[in-house]
1. Does A:Ile75 meet the test of being crowded, with 22+ Cβ neighbours inside 10 Å and free of Cβ contacts under 8 Å to residues at least 40 places away in the same chain?
2. State whether one or more residues within the range A:14-36 are in contact with a Lys or Arg (Cβ under 9 Å, 6 or more places away or on another chain), modelled with pLDDT under 95 and on the phi > 0 side of the Ramachandran plot.
3. I want to confirm something. Restricting to the range A:165-184 and keeping residues that are out of contact with any Leu (no Cβ under 9 Å at 6 or more places or on another chain) and of a type outside the set (Asp, Glu), which single residue is nearest to A:Val115 (Cα to Cα)?
4. Of a type in the set (A, V, I, L, M, F, W, C), within 14 Å of chain A (Cβ to nearest Cβ), in a strand (DSSP E or B) and surrounded by 19 or more Cβ atoms within 10 Å (Cβ to Cβ): is that true of B:Ile114 in this structure?
5. In the range A:164-195, which residues are away from every other protein chain (no Cβ under 11 Å), in contact with a helix residue (DSSP H, G or I) (Cβ under 7 Å, 6 or more places away or on another chain), within 29 Å of B:Cys173 (Cα to Cα) and outside any helix (DSSP H, G or I)?
6. Can you tell which of A:Glu73, A:Glu126 is over 30 Å from A:Asp181 (Cβ atoms), of a type in the set (Asp, Glu) and within 14 Å of chain B (Cβ to nearest Cβ)?
7. Among the residues of the range B:120-163, what is the count of those that are assigned to a loop (DSSP other than H, G, I, E, B) and under 30 Å from B:Asp28 (Cα atoms)?
8. Name the single residue, out of those in the range A:28-44 being assigned to a strand (DSSP E or B) and β-branched (Val, Ile, Thr), that is nearest to B:Ala40 (Cα to Cα).
Number of protein chains: 2
Amino acid sequence: MKIPIVRNILEANDRIAQENRKFFDKNDITVLNLMSSPGAGKTSLLERTIDALKKDIRIGVIEGDIQSSHDAERIARKGIPAVQINTGGACHLDGNMIRETFSEFRFDELDLLIVENVGNLVCPAEFKMGEDFKIMILSITEGDDKPTKYPLMFRESRVLLVNKIDLLPYVDCSIEKIKKDALHINPHLIIFEISCKTGEGIQTWTDWLKGEVKLNKNTW
Amino acid sequence: MKIPIVRNILEANDRIAQENRKFFDKNDITVLNLMSSPGAGKTSLLERTIDALKKDIRIGVIEGDIQSSHDAERIARKGIPAVQINTGGACHLDGNMIRETFSEFRFDELDLLIVENVGNLVCPAEFKMGEDFKIMILSITEGDDKPTKYPLMFRESRVLLVNKIDLLPYVDCSIEKIKKDALHINPHLIIFEISCKTGEGIQTWTDWLKGEVKLNKNTW
């Protein structure tokens, strides 16, 4: 009984996501869908990424949370346009929620829109929002069994950021196992090892991201 | 359009959960629904709890995962009856999935059934399965903003286990803030601070749990 209901929701969402995609293309915006478990470091990654790129790239952020606006406030302190979506109870963002934010941005003044999804390693990967690609963070404190246990997000993502590598001496986690299992699920996955706390690895990530934003601009 | 659909699913689930509850009562089983983000330490807590209680209490475990059977294998190595539920894509366990496992247990040989839910700080809290009560784990590596950002699970749980306290020197996290915010959401919440790695705090938790299982037995 449940499966057909879910399918209808997903199909309806796909149509809205396609409309969003057309809108983003028309406005020359690169859009990232950023996903992870709660507390893996999505907002910290945004802060680091904004600091590294904001002089070259005009960035906007959509923050998705069940409730509260802490994350949007953290981003706004960087001088970046930020919109908070409160989902009420929903455990993921969908295409319609993204569309609801359109009137809040000046898209002619943006190059890159990063959408921070609700913290959840499962459901967000199922719902398109019209993004160019999905990226995910896995904190090493979550353990090295996560690719095998939650494969969908690893399969759907173009980039995996392995975060909190500063804690490696204190936790039982093999980054090699994470990488091997994640690449088994998705051989095209691009992997960066980072610490949002110390800044290690951040520049490699932001250099790559900068190239992607420019690449998209040139293609259009 | 979506809200009525979710309500129907939840109502249908509640009916099945009530039937499960009657079945557990008839068989004198105490049932816990164990929830957390991915990698917060649910299976490690089970291993510690089983080691501490198995000489006094007959324990069974249901392991919920999107896919794989690693966790059930870890539990089975403790000599405990364990059943793995693979949800396919679903991000939570529901009453019907639990009912499907009934034929796999000898309930006349069990006192306590612990159900490890899918790793997800959002959806599992919405679906009853006929449990006596819900318990949740929060790892300090997830950050001290989690009660405010994901209040439902804190509201629905009877017990909060704050795990990985051995990592406190290396992360920016205030356990006092977690406790204060969690108790603001749910003043009846019983909180234990533990490290499944070092064993710190485990006995306080298992002593309490042992009392709960006996208490239920005496009541029936």
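The values are calculated or read from the model by the stated rules, or taken from the named source; none is laboratory data. Here the structure is a predicted model, which is why all the values come from computation and not from measurement. As a convention, Cβ positions derive from the backbone with ideal geometry for all residues, glycine included, and neighbour counts pool all protein chains shown.
1. Details: crowded, with 22+ Cβ neighbours inside 10 Å: yes; free of Cβ contacts under 8 Å to residues at least 40 places away in the same chain: yes.
For A:Ile75, the condition - crowded, with 22+ Cβ neighbours inside 10 Å and free of Cβ contacts under 8 Å to residues at least 40 places away in the same chain - is met.
2. Yes, there is a match, as at least one residue in the range A:14-36 is in contact with a Lys or Arg (Cβ under 9 Å, 6 or more places away or on another chain), modelled with pLDDT under 95 and on the phi > 0 side of the Ramachandran plot.
3. Taking the range A:165-184 first, the residues out of contact with any Leu (no Cβ under 9 Å at 6 or more places or on another chain) are A:165-166, A:168-169, A:172, A:174, A:176-177, A:180-181, A:184.
The next check asks that each one be of a type outside the set (Asp, Glu); those that pass are A:165, A:168-169, A:174, A:177, A:180, A:184.
Working: A:Ile165: 24, A:Leu168: 28, A:Pro169: 32, A:Ser174: 29, A:Lys177: 28, A:Lys180: 27, A:His184: 27 Å.
In this case the residue turns out to be A:Ile165.
4. On the way: of a type in the set (A, V, I, L, M, F, W, C): yes; within 14 Å of chain A (Cβ to nearest Cβ): no; in a strand (DSSP E or B): yes; surrounded by 19 or more Cβ atoms within 10 Å (Cβ to Cβ): yes.
No; evaluated as a whole, the condition is false for this residue.
5. A:Ile191, A:Phe192, A:Glu193, A:Ile194, A:Ser195
6. Values: A:Glu126 fails: over 30 Å from A:Asp181 (Cβ atoms).
A:Glu73 is the lone residue from the list that is over 30 Å from A:Asp181 (Cβ atoms), of a type in the set (Asp, Glu) and within 14 Å of chain B (Cβ to nearest Cβ).
7. Residues of the range B:120-163 assigned to a loop (DSSP other than H, G, I, E, B): B:120-122, B:127-132, B:143-145, B:150, B:157-158.
Next, only the ones that are under 30 Å from B:Asp28 (Cα atoms) stay: B:120-122, B:127-132, B:157-158.
Final tally of qualifying residues: 11.
8. Filtering the range A:28-44 down to residues assigned to a strand (DSSP E or B) leaves A:30-35.
Okay, now just the ones that are also β-branched (Val, Ile, Thr), so A:30-31.
Working: A:Thr30: 33, A:Val31: 30 Å.
Only one residue fits best here, namely A:Val31.
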